[in-house]
1. Quick one: order HIS219, HIS14 from most to least accessible surface, probe 1.4 Å.
2. Determine the alpha carbon to alpha carbon distance for each of LYS104/LYS253; LYS33/LYS66; LYS17/LYS66; LYS17/LYS213 and list only those over 21 Å.
3. What net charge is computed for the residues neighbouring ASN201, neighbours being all others with C-beta under 12 Å from the C-beta of ASN201, Lys and Arg scored +1, Asp and Glu -1?
4. Please list VAL128, VAL267, VAL107 from largest to smallest accessible area, probe radius 1.4 Å, with all protein chains kept in place.
5. Between TYR7 and residues 5 or more places away or on another chain, which pairs have amide H atoms under 5 Å apart, with H built 1.01 Å from N, and which residues are they?
Amino acid sequence: MGIVPFYIFDGQEHPMKSVARAKRDKTKSDASKALDRLFVKGRDPNQNISDDDLTEVKKHMKALSKPTEELIRLIVDWLLSQEPKVSAVCAPFEAEWQLVFLEKRGVIDGIMTEDGDAIALGGRNVLVDTNLTSGTCIHYFREEALSVTIEISRGKNKSKPARHAASTWNHDEALPVLFDLPLYRDSLPVLAGLLGCDYVNNIPSVGSMTILKSEGLFHQYIDAPDKRSLIETWKKCPDGHFDRLFAAINLFKGLCPVYDPRTKQLVPLNGEMIEPREWE
């Protein structure tokens with residue numbers, strides 16, 4: 001098909017990803033407890049193991065599994081040994097940051113990922129929800145989304161394009177409000193931070209409807225001259241939330257460290273990067 005793959009693997013965990021780590025730790029703890037209960041049931045001769053039990057065991061075992069550094073190294077070595085040549089590198093931190101950097105520099109033509117962060121980071125040609133069994137995926141093409149923005153700002157065809165574009169980024173939220181904003185590229189990082197992501201939680205009791213509705217938190221944040229006061233005075237906002245939110249938004253705006261294969265140096269995706277040690 002003329003496609004040359006370029007594999008990118010996650011590197012070390014960025015210090016700001018403690019939010020995602022806490023969620024994963026809880027998921028693993030819950031999975032471990034559930035497996036213990038199922039194993040007790042399996043050892044009981046008076047209990048029957050159903051197909052649903054086996055399905056649940058597989059689900060929880062998957063939640064507990066994680067590829068080791070040694071396994072990743074073996075996979076990379078195997079990929080590099082293939083003919084024709086296949087490129088494979090390990091990113092210094094997040095693979096999505098590295099993928100967007102390589103696309104912006106023209107090294108790759110598109111991104112296939114299960115992480116919507118690539119779109120919020122400025123990815124231009126992104127495939128998500130790829131199903132190799134059915135051969136289907138969702139294709140996000142930035143220029144097409146921007147052309148939809150222009151149509152909607154003129155009051156044309158407001159429903160169909162908004163639904164199409166909403167399905168290409170966040171799997172759980174509807175994003176039609178974005179298409180009323182002229183600063184489309186700058187708005188996605190803000191929305192990613194407010195909705196909650198790997199780097200910052202959303203404000204407690206502030207759901208997507210409160211954020212996305214007309215005159216909701218998202219619109220207020222975009223327009224607010226004093227964004228810190230807006231966030232810190234919001235009901236139930238935790239102490240220090242604005243600083244972490246602001247840093248997360250900056251990460252999505254490209255102030256994150258990536259590896260430049262030409263200079264062999266750690267460089268910002270776009271602009272002055274936030275040093276990892278600032279969040280240690």
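1. Values: HIS219 35, HIS14 0 Å².
Ranked list, largest accessible area first: HIS219, HIS14.
2. Working: LYS104/LYS253 13 Å; LYS33/LYS66 18 Å; LYS17/LYS66 17 Å; LYS17/LYS213 28 Å.
Going by Cα-Cα distance, LYS17/LYS213 fall outside the 21 Å limit.
3. Values: positive: LYS23, LYS236, ARG244; negative: ASP198.
For residues surrounding ASN201, the net value is +2.
4. Result, largest first: VAL107, VAL267, VAL128.
5. SER87, ALA88, VAL89
The values are calculated or read from the model by the stated rules, or taken from the named source; none is laboratory data. Remember, it's a predicted structure, so these values are computed and weren't measured experimentally. Neighbour counts are summed over all protein chains in view; Cβ atoms, including those assigned to glycine, are modelled from backbone coordinates with ideal geometry. Just the protein is used for accessible areas: all its heavy atoms, side chains included, with ligands, DNA and RNA removed. Shrake-Rupley method; radii C 1.70, N 1.55, O 1.52, S 1.80 Å.
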